[in-house]
1. In this structure, is residue 252 within 21 Å of residue 118 (Cα to Cα) and either surrounded by 13 or more Cβ atoms within 10 Å (Cβ to Cβ) or assigned by TED's automatic domain parsing to the domain that holds residue 117 (or both)?
2. Restricting attention to the stretch 191-206, does a residue exist that is under 18 Å from residue 114 (Cα atoms) and either in contact with a strand residue (DSSP E or B) (Cβ under 6 Å, 6 or more places away or on another chain) or in contact (Cβ under 8 Å) with a residue 60 or more places away in the chain (or both)?
3. Residue check: is residue 62 exposed (fewer than 13 other Cβ atoms within 10 Å of the Cβ), in contact (Cβ under 8 Å) with a residue 40 or more places away in the chain and part of a helix (DSSP H, G or I)?
4. Does the stretch 5-15 include one or more residues that are surrounded by 10 or more Cβ atoms within 10 Å (Cβ to Cβ), in contact (Cβ under 8 Å) with a residue 40 or more places away in the chain and part of a helix (DSSP H, G or I)?
5. Taking only the stretch 88-128 into account, find how many residues are farther than 30 Å from residue 252 by Cα and in contact (Cβ under 8 Å) with a residue 12 or more places away in the chain.
6. Give me the residue from the stretch 47-59 that is part of a loop (DSSP other than H, G, I, E, B) and more than 27 Å from the chain's Cα centre (by Cα) and, out of that set, nearest to residue 35 (Cα to Cα).
């Protein structure tokens with residue numbers, strides 16, 4: 001019975017892996033086919049690899065600019081959101097502030113609303129209110145970094161809260177008795193212990209900013225357009241360049257896979273950190 005159960009478990013996970021990975025494989029198949037073969041009889045196995053779609057993407061200076069914008073915006077936003085979320089969680093978990101539970105709930109309500117609700121207010125703020133001389137935050141990298149904070153910061157606060165709750169306050173008090181300053185306690189005691197949770201928050205907020213489409217498509221025109229919004233440029237009235245769109249999609253997957261592989265050991269530890277208290 002145990003042997004049968006083990007085989008069933010193996011088959012189950014093989015099926016789950018196939019269902020999960022097959023769309024990625026099929027996306028790659030589409031990206032290495034010429035336009036003529038895309039509308040022929042579909043073949044699961046690759047016979048001839050057509051790399052011209054990837055060459056066209058890499059040789060396109062506009063798409064390279066979009067990719068650079070995505071890297072800068074998502075990376076800066078992830079670092080800023082994780083830093084602010086960590087400091088906010090430290091203040092809310094370490095000090096007996098009145099109404100802190102209400103503050104926690106208020107932050108998550110910003111995440112509950114759909115992003116489309118904020119489109120018009122954010123557009124007016126970026127184009128009319130927040131400007132420095134002739135410089136406007138609309139269609140700028142700084143503007144998009146701040147816009148993504150609206151949705152990623154509440155998520156970072158709620159992700160980091162269990163991590164900081166699991167770190168005993170007695171460690172802070174012992175450090176204060178030894179003469180440590182608040183910044184020393186944060187940097188030398190709390191942050192090293194909370195590193196797994198910080199890594200998880202950093203990677204998840206980075207992925208959210210990297211994959212975001214609606215706000216980037218609405219609040220950017222050319223200067224700060226991201227790689228995900230570049231996909232829409234290949235859907236025209238004369239046709240759709242499916243091969244190039246698939247190649248761009250593969251390029252959007254590569255950075256996320258690299259980042260996940262680098263912090264994989266921290267993800268499992270961070271998601272389970274603080275789940276059980278002694």
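The values are calculated or read from the model by the stated rules, or taken from the named source; none is laboratory data. What you see is a predicted model, and the numbers here were worked out from it, not measured in a lab. With ideal geometry, Cβ positions are generated from the backbone for all residues, glycine too; neighbour counts draw on all protein chains shown.
1. Working: within 21 Å of residue 118 (Cα to Cα): no; either surrounded by 13 or more Cβ atoms within 10 Å (Cβ to Cβ) or assigned by TED's automatic domain parsing to the domain that holds residue 117 (or both): yes.
In short, no.
2. Yes, that holds for at least one residue.
3. Criteria met by residue 62.
4. no
5. To start, the set of residues in the stretch 88-128 that are farther than 30 Å from residue 252 by Cα comprises 88-106, 128.
Add one more test, that the residue is in contact (Cβ under 8 Å) with a residue 12 or more places away in the chain, and what stays is 88-90, 92-94, 104.
Residues flagged as farther than 30 Å from residue 252 by Cα and in contact (Cβ under 8 Å) with a residue 12 or more places away in the chain within the stretch 88-128 amount to 7.
6. Kept after step one, since they are part of a loop (DSSP other than H, G, I, E, B), are these residues of the stretch 47-59: 47-51, 59.
With the extra rule that they be more than 27 Å from the chain's Cα centre (by Cα), the set shrinks to 47-51.
On the way: 47: 15, 48: 13, 49: 13, 50: 10, 51: 12 Å.
Among those that are part of a loop (DSSP other than H, G, I, E, B) and more than 27 Å from the chain's Cα centre (by Cα), it is 50.
Matching residues to (1) at pLDDT below 80; (2) closer than 23 Å to residue 256 by Cβ:
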residue: 51; (1), (2): no, yes
residue: 55; (1), (2): no, yes
residue: 73; (1), (2): no, yes
residue: 80; (1), (2): no, yes
residue: 89; (1), (2): no, no
residue: 100; (1), (2): yes, no
residue: 117; (1), (2): no, no
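Conditions (1) part of a helix (DSSP H, G or I); (2) surrounded by fewer than 18 Cβ atoms within 10 Å (Cβ to Cβ); (3) at pLDDT 90 or above, marked per residue:
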position	(1), (2), (3)
145	yes, no, yes
157	yes, no, no
173	yes, yes, no
187	yes, yes, no
196	yes, no, no
199	yes, no, no
224	no, no, no
